[in-house]
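Take a look at the structure set out below.
Nothing in this text is a laboratory measurement; each read-out follows from the coordinates by a stated rule. This structure is a prediction, so every number in the text was calculated from the model and none was measured. Counting neighbours? That spans all protein chains shown, and the Cβs are built from the backbone with ideal geometry, glycine included.
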Amino acid sequence: MIKIKNLHKSYNIGKNSLHVLKGLDIEIKEGELVAIMGSSGSGKSTLLNIIGMLDNHDKGSYELDGVIIKKMNETKAAEYRNKFLGFVFQSFNLINYKNALDNVILPLYYQGISRKVREKKALKYLSDVGLKNWSHHLPNELSGGQKQRVAIARAMVSEPKVLLADEPTGALDSNTSKEVMDLIQKINKAGKTILVVTHEHDISQMCSRIVKLKDGVIVEDKKIKQKKAL
Amino acid sequence: MKALFQNDTWQEIFGSIQKNRIRTIITMIGVLWGIFIYITLAGTSKGLDNGFEKAFSSISSNSLFIWAQQTSLPYAGYKARRQIRLTTNDVDVIKKKVPSIEYVAPRNVAGVFGSSGGNVVKGSKTGTYAIYGDYPEYIKIAVTKVYDGGRFINQADMDQKRRVAVIGERTLQELFEEDENPIGQYININNVTFKVIGVHQFRQGGGFGDDGDIYIPFATYKDLFNTGKYVGFFMMSAFQDADVVEVEKEVKLVLKDIHNIAPEDDQALGAFNLGEVFKKTIKFADGLTFLSLIVGIATILAGIIGIGNVLLISVKERTKEIGIRRALGARPSQVRTQILIESVFLTIIAGIIGIIIGTLVLFSINMATQDLSDFPYTNPTVPIEFIFGALSLMIVLGTLIGLIPAQIAVNVKPIEALREE
């Protein structure tokens with residue numbers, strides 16, 4: 001599903017250049033649940049951003065589901081993001097003046113799907129995460145776990161090939177974290193490829209593979225026996 | 001363009017407008033105020049314009065009065081301080097030598113400029129009114145309306161020195177019973193019997209006229225008041241295309257020649273050039289319209305810049321939201337369109353409200369000044385092309401000003417917008 005070879009990325013900070021990714025090679029197959037770990041500054045978020053087409057890489061190659069991803073214009077990138085990728089963020093990033101349903105609808109709106117169809121579809125995904133009865137509540141009326149579940153429904157509604165989760169449990173307590181991870185595991189069981197960026201050991205144990213980054217290179221890449229979240 | 005007609009676009013826009021209610025209202029007040037000032041100013045200046053035109057409508061717009069005074073310079077053997085008197089013989093000379101003159105109406109008057117008026121008696125009622133001796137041409141220069149059933153003095157009245165009179169509205173009220181038809185009735189002026197042939201309508205603006213004035217034929221007046229060939233003053237009008245200021249000079253030169261006045265003596269003849277005043281007034285009104293246009297447009301501009309400003313701030317505020325939308329697959333053009341439509345929509349709504357309020361204000365000013373007949377303010381309207389002009393100006397400027405925040409929103413990189421603080 002994802003093939004990355006010799007990936008380099010550096011940022012210009014003033015006159016200095018900061019080399020963040022120093023030649024990464026990684027291959028992720030369809031249906032994997034991968035935890036990307038590393039301390040802050042290790043390059044894990046940068047890697048996720050490049051995979052998520054939120055950022056461009058400098059050198060190397062990146063292939064997503066057979067499509068070679070190079071520097072492209074924003075319109076094209078927006079289309080690819082919408083079609084191939086779903087995002088889940090640490091701080092949920094729901095639009096606070098839209099209710100849960102309208103937040104889930106948003107990716108479909110940008111696909112130009114008719115109102116009736118997308119409402120039906122969004123409601124289905126919202127009930128999949130167990131929030132059918134909360135569809136007309138605004139984000140500030142929901143708990144953290146509920147918000148993250150709305151965000152997961154929003155990421156899933158466009159039926160992406162890969163789900164990218166950047167510290168999805170970072171803002172949640174341990175019980176809620178487990179619930180969210182349980183949901184992620186279920187989605188993974190259904191066949192979705194998922195990348196989870198985390199620095200929490202027990203969260204990484206709930207994945208099927210752990211990739212550890214340090215100073216822009218992969219220092220460890222191992223398959224593990226997956227722990228059940230609940 | 002397609003986005004304009006999609007329900008969803010509008011839902012997104014209303015969502016963001018509702019979210020920022022106070023911001024929206026303050027922004028709209030800026031534009032609303034601008035267009036309100038524009039409409040009110042344009043309408044008011046139009047009202048003044050109309051008012052001036054109405055005030056001058058009772059008199060030919062290129063007419064002038066000329067009268068004689070004392071000379072200030074000795075000339076041709078005559079001493080200075082000699083009283084000049086104009087005569088009926090001057091009329092033909094003026095007409096011959098100044099071809100731009102269309103009508104000349106010599107007038108004599110008793111009852112203005114300090115002289116005593118005529119004592120008028122009708123049955124048991126009496127009154128004192130200004131009596132004018134007039135040529136039939138008078139009505140061509142001072143456009144006076146005579147009420148139905150009556151007529152003005154004609155050439156036959158002059159030739160036969162008929163004792164006929166055209167009376168004013170006040171004269172009618174004071175001397176006649178209500179519902180009494182004055183036409184064909186007789187009144188006494190200074191003990192001479194006159195037949196009433198018409199009632200003239202009085203209109204403000206023609207100078208020293210009054211609604212009690214009585215007009216009788218010049219020839220008859222001459223006999224009644226023993227004025228002989230002498231004329232109190234001339235009223236004349238030039239052809240439409242003539243330059244009234246130039247005409248005044250020419251007429252004065254002719255009169256100076258006839259009456260042996262030094263050509264450089266500017267005391268001997270008095271003149272009041274209505275045409276010149278009229279022109280000046282029209283120019284003033286035009287200037288006022290122009291000024292109101294400039295001020296109005298500048299105010300609209302300020303309002304629209306205000307909208308741009310607020311949208312700019314709101315784009316900064318919404319950087320994160322825009323980033324989320326971009327991550328979810330919003331194309332740059334979709335983001336741009338939304339902000340542009342928001343800008344234009346706010347501008348137009350505020351503009352329309354401003355137009356409505358401005359119109360209401362104009363309407364109430366009109367109502368308030370309706371009864372003030374000597375206040376030159378009539379029918380304050382704003383030409384429809386002014387309104388459409390203002391609206392399209394707003395749409396164009398709203399779009400242009402919206403482009404700035406829209407471009408900034410597009411330039412927001414999703415990754416930067418989403419970066420955790």
Computed over region B:63-271, Cα set: Rg, Dmax in Å:
18.1, 61
Which whole number in µm²/s is D for region B:267-421 by Stokes-Einstein, with the Kirkwood Rh taken over Cα pairs at 20 °C and 1.002 mPa s?
111 µm²/s
Can you pull out the GluC sites (Glu not before Pro) in region B:142-243 that DSSP calls coil and that have at most 14 other Cβ atoms within 10 Å?
B:Glu177, B:Glu178, B:Glu180
Using θ = phi - 60° and the Karplus relation 6.51 cos²θ - 1.76 cosθ + 1.60, list the HN-Hα couplings for region A:165-177 in order, rounded to whole Hz, with x at every Gly or Pro.
10, 9, 6, x, 10, x, 9, 10, 6, 5, 5, 5, 4
Percent of alpha carbon pairs in region A:163-221 separated by more than 13 Å?
62 percent
If the convex hull of the alpha-carbon atoms of chain A is projected onto planes in all directions, what is the mean projected area in square nanometres?
12.7 nm²
Other chains near B:121-130: what is the mean number of their Cβ atoms within 10 Å of each residue's Cβ?
0
So what is the relative contact order of chain B, in percent, for Cα pairs below 8 Å that sit 6 or more residues apart?
29 percent
Quick one: Debye curve from the C-alpha atoms of the protein assembly as shown, no solvent, what's log10 I(q)/I(0) at q = 0.05, 0.06, 0.11, 0.12 Å⁻¹?
-0.51, -0.58, -1.07, -1.17
Of the cross-linked pairs B:Lys122/B:Lys222; A:Lys121/A:Lys178; A:Lys22/A:Lys124; B:Lys46/B:Lys140; A:Lys189/A:Lys214, which ones have a Cα-Cα span greater than 32 Å in the structure shown?
A:Lys22/A:Lys124
Can you run phi through the Karplus equation (6.51, -1.76, 1.60; θ = phi - 60°) for region B:214-219 and list ³J(HN,Hα) in whole Hz, with x for Gly and Pro?
10, 9, 10, x, 4, 5
Mean per-residue count of partner chain Cβ within 10 Å for A:51-57 equals 3
Just to check, using Stokes-Einstein with a Kirkwood Rh over alpha carbon pairs, what's the diffusion coefficient of region A:1-103 at 20 °C and 1.002 mPa s in µm²/s?
140 µm²/s
Relative to the longest principal axis of chain B, what angle (0 to 90°, nearest 10) does the C-alpha long axis of helix B:21-56 take?
10 degrees
Using a 10 Å cut-off on Cβ to Cβ distances, tally the other chain neighbours for every residue of A:99-111 and report the average as a whole number.
3
Go ahead and estimate [θ] at 222 nm for chain B from helices alone: -39,500 (n - 2.57) per DSSP H run with n ≥ 4, summed, over the residue count, rounded to 500.
-17500 deg cm²/dmol
For helix A:74-84, report the angle its Cα long axis makes with the longest principal axis of the Cα atoms of chain A; keep it between 0 and 90° and round to the nearest 10°.
70 degrees
Quick one: in chain B, what % of C-alpha pairs are over 38 Å apart?
49 percent
Rounded, prolate or oblate: which fits region B:225-288 when a ≥ b ≥ c are the square roots of the eigenvalues of the alpha-carbon gyration tensor, with rounded for a/c under 1.5 and prolate only if a/b beats b/c?
prolate
Between B:Val120, B:Val199, B:Val335, where does the largest GNM mean-square fluctuation fall for chain B, given springs only between Cα atoms within less than 10 Å?
B:Val335
Chymotrypsin sites (Phe, Trp or Tyr not before Pro), restricted to region B:111-155: which are DSSP loop and have at most 15 other Cβ atoms within 10 Å?
B:Phe113, B:Tyr147
Kirkwood-based Rg over Rh for region B:50-125 (C-alpha set), two decimals?
1.10
Sequence order, region B:249-254: Karplus ³J(HN,Hα) from phi using 6.51 cos²θ - 1.76 cosθ + 1.60, θ = phi - 60°, Hz rounded, Gly and Pro as x, gives 4, 4, 4, 4, 4, 4
